[in-house]
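Written below as structure tokens is the structure these notes are about.
What follows draws every value from the coordinates through simple rules; no lab data is involved. Just so it is clear, the structure is predicted and the values come from calculations on it, not from any experiment. FYI the Cβ positions are ideal-geometry reconstructions off the backbone, even for glycines, and counts take in every protein chain you see.
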């Protein structure tokens, strides 16, 4: 496996900044479908990253705290995956609303 170009702490800090900017943005309805596509992909990647962290911790020495953290990471990964699935299920609805509504 190749080392990433940036340390994980830099990437996750950037992700947090971008998510904050998105939360504060006044997203035009016309852009909603495309933005949701990006959010779906992001949620899927976050789920994969959390599962990866859980797998790495699961390979280490067994302790009660480590086992609990593995469970927390797996639950968060599942939640991210479910969020991606829910958003993806609304895909055509986002496009329909974006095409018929102007705000």
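Couple of notes before you dig in:
- The chain, relative contact order [Cα under 8 Å, separation at least 6], %: 40 percent
- Convex hull projection area averaged over all views, region 28-100, Cα basis, nm²: 4.9 nm²
- Between helix 64-89 and the chain: long-axis angle, C-alpha atoms, 0 to 90°, nearest 10: 20 degrees
- Point-to-point label distance, residue 64-residue 85, nm (Cα→Cβ direction, 7 Å offset): 3.3 nm
- Only DSSP H runs of four or more residues enter the estimate; each adds -39500 (n - 2.57), and after division by the residues of the chain the mean residue ellipticity at 222 nm equals -26500 deg cm²/dmol.
- Nearest 10 degrees, 0 to 90: helix 91-100 Cα axis against the chain principal axis: 30 degrees
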